[in-house]
Amino acid sequence: MPTAKRALPATLVRRGGDRLLFDCGEGTQRQLLRSDVGLVELEQVFLTHFHADHYLGLPGMFKTFALRGREIPLTIYGPAGLQGLLATLARVFGRLTYPVTAVELEPGEGVERDGYRIEAVAVDHGVTALGYALVEESRPGRFDVEVATALGVPDGAERGDLQRGESITLADGRVVTPEDVLGPARKGRKVVIAGDTAPAASVVDAASGADLLVHEATFLSDELDRARETSHSTAGGAALVAQEAGVKLLALTHVSTRYFGHQVVEEATQLFPATVVPRDFDLVTIPFPERGAPELVRSGAREAHGSRTNSTRVEPTRPSVSSS
């Protein structure tokens, strides 16, 4: 449930010009308006499951888009049952000015984007539910300027062709391949948003080597039995998932109102030191691996965006709420 300082589940991922919303709790559109993002014309929303705290912001947002005369199509992704949910919600939001498409996903299925894929992940929440893994394609290796010069590759378009993976023919008839001038392929980034779940081997597998794992921590160890009954995680359980997966940073969300953030951090960091508990409008920047580690920026979603480039930004429009 919301508090005076914490809103309901919704996490925004920014990658280049893409804006991807994961879950849409009540009040999400107002949180977006309060952020540096604004209520942009989102084109894709991903729901983890159908407990009310994760989707009740959709009808209001749909209606606001319609009142603005939106025409751009909107696609909602989620687990089985999504089409029925949207059909029911249509009685609330009524006729829209734009098409809304519901796409139901099974674990392992995904959505291909330009340069990355969003893949549905099996989780353990006692109901039909999904997590999501955003996985970038590998990038070409570093271009070796000295080697290219020694081979006689001129400055200009030819070097760009090689960097894009295309062979070129020099004026003297010699062929230069990308392998001649490029280093080993560089690993892309990975972000996993687990949604509501008990600790699960499927999440460990999906998050293996991830730059960031966003995992719930509804309870602390004093409520372990309750966590198991409701298929939620304790902070310690989430930390073990991060430890086994070997992630770079663990961000804990969906924290019960009975706890303070520092209590959650204290339990988790005993097992996994690289743990943060974001607050509303906090930001995690994820640079390319060769440029540094993921970083939590307090209130970073209220900064002028554009000050950071070549990074993926993960922004909870709320960091933690009670269990549903």
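The values are calculated or read from the model by the stated rules, or taken from the named source; none is laboratory data. What you see is a predicted model, and the numbers here were worked out from it, not measured in a lab. Counting neighbours? That spans all protein chains shown, and the Cβs are built from the backbone with ideal geometry, glycine included. Ligands, DNA and RNA are stripped out before the accessible areas are found, and what is left, the full protein with its side chains, is counted by its heavy atoms. Shrake-Rupley method; radii C 1.70, N 1.55, O 1.52, S 1.80 Å.
Quick notes
- Calculated from backbone phi, Karplus (6.51, -1.76, 1.60) coupling profile of segment 109-115 in Hz, x at Gly/Pro: 7, x, 10, 7, 10, 6, x
- Between the residues VAL277, SER167, GLY25, the greatest Cα displacement towards the positive end of the dipole of the chain, with unit charges on the Cβ of Lys, Arg, Asp and Glu, is found for GLY25.
- For GLY25, distant residues with modelled amide H under 5 Å away: ALA10, GLY57
- Cα long-axis angle, helix 235-245 against the chain (0 to 90 degrees, to the nearest 10): 20 degrees
- Derived from the Cα gyration tensor, the three semi-axes of the equivalent ellipsoid of segment 151-191 are 25, 10, 7 Å, largest first.
- Partner aspartates and glutamates whose Cα lies under 19 Å from the Cα of LYS63, excluding those fewer than 8 positions away in the same chain, are identified as ASP23, GLU26, GLU41, GLU43, ASP53, GLU71.
- Max mean-square fluctuation residue, GNM over the chain, Cα-Cα springs under 10 Å, options ALA301, ALA198, ALA52: ALA52
- Accessible surface of ARG117, taken over heavy atoms with a 1.4 Å probe and every protein chain present, rounds to 60 Å².
- Computed E for THR269/LYS5 - FRET, C-beta separation, R0 25 angstrom, nearest 0.05: 0.65
- Of GLY188, GLY94, GLY131, the one that fluctuates the most in a GNM where the chain has Cα springs shorter than 10 Å: GLY94
- List LYS63, LYS187, LYS5, ordered by accessible area with a 1.4 Å probe, largest first: LYS5, LYS187, LYS63
- Summed over all non-identical Cα pairs, the Kirkwood treatment of the chain gives a radius of 20.9 Å.
- The chain: most fluctuating residue of LEU42, LEU12, LEU250 per GNM, C-alpha cutoff 10 Å: LEU42
- Looking at segment 33-140 alone, DSSP beta bridges between its own residues are antiparallel in about 60 percent of cases.
- Estimated at 0.36 nm per residue, the fully extended path between ASP172 and ARG258 surpasses their Cα-Cα distance by 23.6 nm.
- Once all protein chains are placed together, ARG279 keeps about 120 Å² accessible to a 1.4 angstrom probe.
- Principal axis analysis of the Cα atoms in segment 40-193 yields extents of 70, 39, 19 Å, listed in decreasing size.
- Rounded to 5, the percent of DSSP beta bridges in the chain classed as antiparallel: 65 percent
- Degrees separating the helix 82-93 axis from the principal Cα axis of the chain, which is the longest one: 60 degrees
- Solvent-accessible area of segment 1-115 (1.4 angstrom probe, protein heavy atoms only): carbon and sulfur portion equals 52 percent.
- Expected-Rg normalisation [2.2 N^0.38 Å, Cα atoms] applied to segment 70-139: 1.30
- Evaluated at q = 0.21 Å⁻¹, a Debye calculation over the C-alpha positions of segment 104-206 (equal weights, vacuum) places log10 I(q)/I(0) at -0.97.
- Along its principal axes, segment 230-310 has C-alpha extents of 40, 28, 21 angstrom, given from the largest down.
- 1.4 Å probe accessible area per residue over the chain, in Å²: 44 Å²
- Size of electric dipole in segment 160-304: Cβ of Lys, Arg +1 and of Asp, Glu -1, about Cα centre, debye, nearest 20: 220 debye
- Computed over segment 1-131, Cα set: Rg, Dmax in Å: 14.3, 39
- Residue-wise HN-Hα coupling along segment 201-210, computed from phi with Karplus coefficients 6.51, -1.76, 1.60 (Hz; x: Gly, Pro): 4, 5, 6, 4, 4, 5, 8, 3, x, 5
- Note on segment 1-75: Rg/Rh from C-alpha atoms, Kirkwood Rh, equals 0.94.
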